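These notes concern the structure reproduced below.
Just so it is clear, none of the values below were taken in a lab; they were calculated from the coordinates. Note that the structure is a prediction, hence the values are computed from the model and not measured. Every residue, glycine among them, receives a Cβ derived from its backbone with ideal geometry; neighbour counts consider all protein chains shown.
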Amino acid sequence: MVSTNSPSLMVKRIKLAVKIILGLAVIGFLSFAFMPEAVKVDMVTVEKGDLLVTLDGEGKTRIHDIYIVSTPVDGRVTRIESEPGDIVIAGETIIANMHPANPRFLDKRSETQAKADVEGARAALALANARVKQVIAQLEFDTSEFKRTQELYKKKNVSEAGLERAELSLKTLNAELETAQSNQKVMQARLEAAKVRLLQPDSVELNDINDEENCQICIRSPVDGRVLRILHKNESIVPVGAPLVEIGDPRDLEVNIEMLSTNAVKVKVGDQALIKRWGGGQDINARVRVIEPSGFTKISALGVEEQRVNVILSFTDPIENWSSLGDAFRVEAAIIIERADDAIKIPLSALFRQNEKWSVFKVVDGVAQIQQVKVGRKNDRFAEIKDGLKVGELIIVHPGNGVGDGVSVEER
């Protein structure tokens with residue numbers, strides 16, 4: 001009788017067990033090798049939030065009322081000492097000091113004529129002086145004669161008519177004296193005018209007239225505000241109406257956004273707006289104040305003609321939030337034309353079309369599932385979901401070609 005516990009039988013059983021283990025290991029390895037790997041994807045959680053539908057545009061700030069201070073007359077303006085940013089007060093701050101312009105150089109003919117005018121004025125003045133002396137001498141004689149006539153009239157040696165004739169003669173001579181003296185003043189003025197016409201530039205008399213210490217024509221600030229730009233800095237001769245300085249109030253700041261006309265028709269006065277990418281730490285709140293009724297043509301960077309419209313925004317935030325902005329600063333604005341408060345929203349990159357319907361890939365237990373959704377408002381980043389998703393669910397953004405219904409996925 002053979003024992004079942006013989007060494008040969010035990011060896012056979014061990015070999016069989018080893019073969020079975022090796023076979024199972026090979027099968028498991030092959031199964032693992034050919035098992036599809038989970039696709040790595042980007043996932044986001046569905047959440048609620050405010051969704052803003054905006055129209056974006058670029059523009060610049062501007063002061064609503066800018067005053068250009070100009071010269072009121074022809075003349076010489078002194079160097080303007082004001083600098084951009086200086087505070088000015090209406091009617092007090094002197095912007096510029098003007099003096100009459102130097103006369104032109106006289107040519108030989110004009111100089112000869114001017115000298116002749118001076119000599120003629122001197123002769124006329126001398127004649128007027130002589131006439132005054134003559135009338136004074138005659139008046140002194142007639143005064144004495146009138147006194148003698150009065151004495152004779154008192155003694156009844158002269159008639160009343162004779163006395164009246166002497167009085168009339170005295171009054172006539174007084175009138176002639178006043179006329180001669182007035183004519184003397186006229187001749188004196190003509191002589192001074194003739195001398196001034198003879199003056200050449202840089203003459204001693206003219207330099208005395210244009211003394212720099214004397215502000216002859218003071219140009220003052222028309223409004224309270226700050227100096228924005230110096231348009232004419234140095235001393236020079238300027239014509240009437242020459243611009244010197246731009247003045248404005250930085251607190252009266254607004255934003256001019258150039259929008260495509262096809263977008264501007266969707267904007268309404270009073271719409272809220274956000275001033276973005278202006279250099280500050282946070283967006284500035286504003287509102288649409290004016291939509292200009294006339295557009296203009298502008299060439300884009302690609303050389304395409306575009307019809308644009310100026311949309312004017314007014315700040316609604318306190319001035320402390322935007323006080324660092326100045327005139328003609330570049331800004332970008334987003335005008336809010338629609339909004340959905342506390343709405344379910346997802347990134348636009350998660351949406352795709354499936355059988356002419358909007359769909360997303362929802363992740364359930366590590367497996368991607370196609371989920372049809374109903375889309376509401378959209379902006380350039382997010383879309384409102386009215387039906388098909390709940391808050392807290394996982395969805396795939398930027399799904400690649402390897403993602404499909406029933407495919408295992410894992411977060412990248």
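Data overview
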quantity: Selected from Gln134, Gln372, Gln216 as most flexible by GNM, with the chain as the system and alpha-carbon contacts under 10 Å; calculated: Gln134
quantity: Computed lengthening from Ile68 to Ala123, 0.36 nm per intervening residue step minus Cα-Cα distance; calculated: 14.8 nm
quantity: Positive-end residue of Asn97, His232, Ile337, charge dipole of the chain with Cβ unit charges; calculated: Ile337
quantity: Nearest-0.05 FRET efficiency for Val269 and Leu348, computed from C-beta distance (R0 30 Å); calculated: 0.50
quantity: Kirkwood Rh, Cα atoms: Rg over Rh of segment 38-178; calculated: 1.63
quantity: Zone residues, segment 255-281, relative to Leu302, backbone N less than 15 Å from point 7 Å out along Cα-to-Cβ; calculated: 260
quantity: Segment 104-162 - Rg and Dmax from Cα coordinates, angstrom; calculated: 23.7, 72
quantity: Whole-number D in µm²/s for the chain (Stokes-Einstein; Kirkwood sum over Cα pairs; 25 °C, 0.890 mPa s); calculated: 74
quantity: Max mean-square fluctuation residue, GNM over the chain, Cα-Cα springs under 10 Å, options Ala242, Ala96, Ala189; calculated: Ala189
quantity: Length released on extending from Glu410 to Glu320, taking residue separation times 0.36 nm less the Cα-Cα span; calculated: 27.6 nm
quantity: Summed residue charge, Cβ within 11 Å of Asp283's Cβ, Lys/Arg positive, Asp/Glu negative; calculated: 0
quantity: Label zone at Gln216, where the point sits 7 Å out along the Cα-to-Cβ direction: segment 74-92 residues whose backbone N lies under 20 Å; calculated: 74-81
quantity: Label-to-label distance, nm, for residues given as Glu254 and Glu111 (7 Å Cα→Cβ offset); calculated: 5.9
quantity: Square roots of 5 times each gyration tensor eigenvalue, C-alpha, segment 108-208, largest first, Å; calculated: 47, 11, 8
quantity: Flagged links, alpha-carbon separation over 19 Å, of Lys40/Lys386; Lys345/Lys386; Lys48/Lys390; calculated: Lys40/Lys386
quantity: Gyration tensor verdict on segment 294-364 (Cα atoms; rounded if a/c is under 1.5, prolate if a/b is larger than b/c, oblate otherwise); calculated: oblate
